[in-house]
Amino acid sequence: MTVQDLFEQMKELIAGGHADKEVKFAYNYGDHWRTTVAASIDTVGEASVKYSDYHSMDKIVEDNQYDDDCEMTPKPDTRTVIILE
């Protein structure tokens, strides 16, 4: 989903009378019952991510790394995305 896609869906929700509704993020808690929980979203911002074979999804990584000359360089294979936290 892109920011534009999210914006369009939010416009539809607002037009449908849902502007005052709270927004949550749903995910599987990982417990025995596979409970889907709804976490609060406190901030929206950018983060660098890289695909993790272990997790079979993106994971958040530090934005930059130091090379041998103590210069900051972007980590390879990362993308900047919008994160809802």
Practice task
Would you mention how many residues in region 8-29 are surrounded by 10 or more Cβ atoms within 10 Å (Cβ to Cβ), among the hydrophobic types (A, V, I, L, M, F, W, C) and not in a loop (DSSP other than H, G, I, E, B)?
Solution key: 4
Completion exercise
Taking region 36-51 and keeping only residues that are over 11 Å from the mean Cα position of the chain (by Cα), part of a strand (DSSP E or B) and farther than 14 Å from Lys75 by Cα, one is left with Thr36, Val37, Ala38, Ala39, Ser40
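Read the figures in this text as sums done on the coordinates, not as results from a lab. For clarity, every value in this text was computed on a predicted model and none was experimentally measured. When we count neighbours, we look across all protein chains shown, and the Cβ atoms used for this are built from the backbone with ideal geometry, even at glycine.
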